Amino acid sequence: MYHNIVLIGMMGSGKSSVGHCISQQYGLPFIDTDTLIEAKIQMPIRDFFEKNGEPAFRKEETDCCHALRQYKHNVIATGGGIIVTKTNRDLLKKLGLVIYLHASAEQLLLRLEKDQTRPLLNTPNKHAKIEELLLVRDPIYRETAHIIIDTNNTPEAIASQIWEGYQKPGLKK
Ligand code: S3P
């Protein structure tokens, strides 16, 4: 059996909603890497980016991936950029069944239009930034994931789709 369910995908792809659904429907504890990191750094991620820059945040994500290796049978939602370093991608694959929640740039923009919390979207043209990030990251998410799921469905339906994959004997390590 895979150790955990690991959700990857862009900001606004629904990792938290789907993660909470899996947790509620199937009783797995829910963990969010951004929440763990914020507890460690003792400040909002946006402030940390401003103060220390993106590379320092990526390093926190790597430390977080290492710390997560002690967790078994949890559902883990990750920050959208956790996959940008190869070290993190390799660590994520070892953590469990990796699911890429795919959403189009238009869907993401709809969900993130009013968001003020994501430092990378603190820019005048959010749409262009989302498109740019998606273009670079989509192939990386695909390469990292064991399963790719389109997020057109409800979080409940996506949760049960993921659960089926998690239970499949063919997918056990
Ligand atoms: C980021 C996504 C955010 C958070 C940080 C950077 C990114 O997480 O980790 O703002 O680089 O895409 P969510 O995907 O949970 O919004």
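The values are calculated or read from the model by the stated rules, or taken from the named source; none is laboratory data. Since the model is a prediction, treat every value here as computed from it, not as a measurement. When we count neighbours, we look across all protein chains shown, and the Cβ atoms used for this are built from the backbone with ideal geometry, even at glycine. SASA here: full protein model, heavy atoms, side chains in, ligands and nucleic acids out. Shrake-Rupley method; radii C 1.70, N 1.55, O 1.52, S 1.80 Å.
The table that follows gives values for the structure above.
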item	result
Residue in region 73-80 that is modelled with pLDDT of 95 or more, in contact with a Pro (Cβ under 9 Å, 6 or more places away or on another chain) and within 12 Å of the ligand (Cβ to nearest atom) present	no
Qualifying positions in region 124-150 - more than 13 Å from the ligand (Cβ to nearest atom) and over 18 Å from VAL84 (Cα atoms)	PRO124, ASN125, HIS127, ALA128, ILE147, ILE149, ASP150
Test result for THR62, part of a helix (DSSP H, G or I), among the polar types (S, T, N, Q), in contact with a Ser or Thr (Cβ under 9 Å, 6 or more places away or on another chain) and over 19 Å from ASN122 (Cβ atoms)	yes
Residues of region 44-53 classified as assigned to a helix (DSSP H, G or I) and either in contact (Cβ under 8 Å) with a residue 12 or more places away in the chain or surrounded by 14 or more Cβ atoms within 10 Å (Cβ to Cβ) (or both), total	6
Residue satisfying all of: in region 95-139; without any contact (Cβ under 8 Å) to a residue 40 or more places away in the chain and closer than 30 Å to GLN70 by Cα; farthest from the chain's Cα centre (by Cα) among these	PRO139
Tally of residues being surrounded by fewer than 16 Cβ atoms within 10 Å (Cβ to Cβ), at pLDDT 95 or above and away from the ligand (no atom under 11 Å from the Cβ) across region 1-43	8
Residue count, region 137-154 (criterion: modelled with pLDDT under 95 and assigned to a helix (DSSP H, G or I))	0
Residues (surrounded by fewer than 17 Cβ atoms within 10 Å (Cβ to Cβ) and under 11 Å from TYR100 (Cβ atoms)) located in region 148-173	ILE148, ASP150
Candidates LEU109, LEU91, LEU133, LEU101, filtered to the one that is open to solvent by less than 80 Å² (accessible area, probe 1.4 Å), farther than 16 Å from GLY12 by Cβ and either part of a strand (DSSP E or B) or out of contact with any Lys or Arg (no Cβ under 6 Å at 6 or more places or on another chain) (or both)	LEU91
Hits in region 65-77 - residues which are open to solvent by 10 Å² or more (accessible area, probe 1.4 Å) and either under 15 Å from LEU101 (Cβ atoms) or outside any loop (DSSP other than H, G, I, E, B) (or both)	HIS66, ALA67, ARG69, GLN70
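A quick yes/no check of all residues on (1) within 24 Å of THR35 (Cα to Cα); (2) not β-branched (Val, Ile, Thr):
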{"site": "HIS66", "(1), (2)": "yes, yes"}
{"site": "HIS73", "(1), (2)": "yes, yes"}
{"site": "THR87", "(1), (2)": "yes, no"}
{"site": "LEU92", "(1), (2)": "yes, yes"}
{"site": "TYR100", "(1), (2)": "yes, yes"}
{"site": "LEU109", "(1), (2)": "yes, yes"}
{"site": "LEU133", "(1), (2)": "yes, yes"}
{"site": "ASP138", "(1), (2)": "yes, yes"}
{"site": "LYS168", "(1), (2)": "no, yes"}
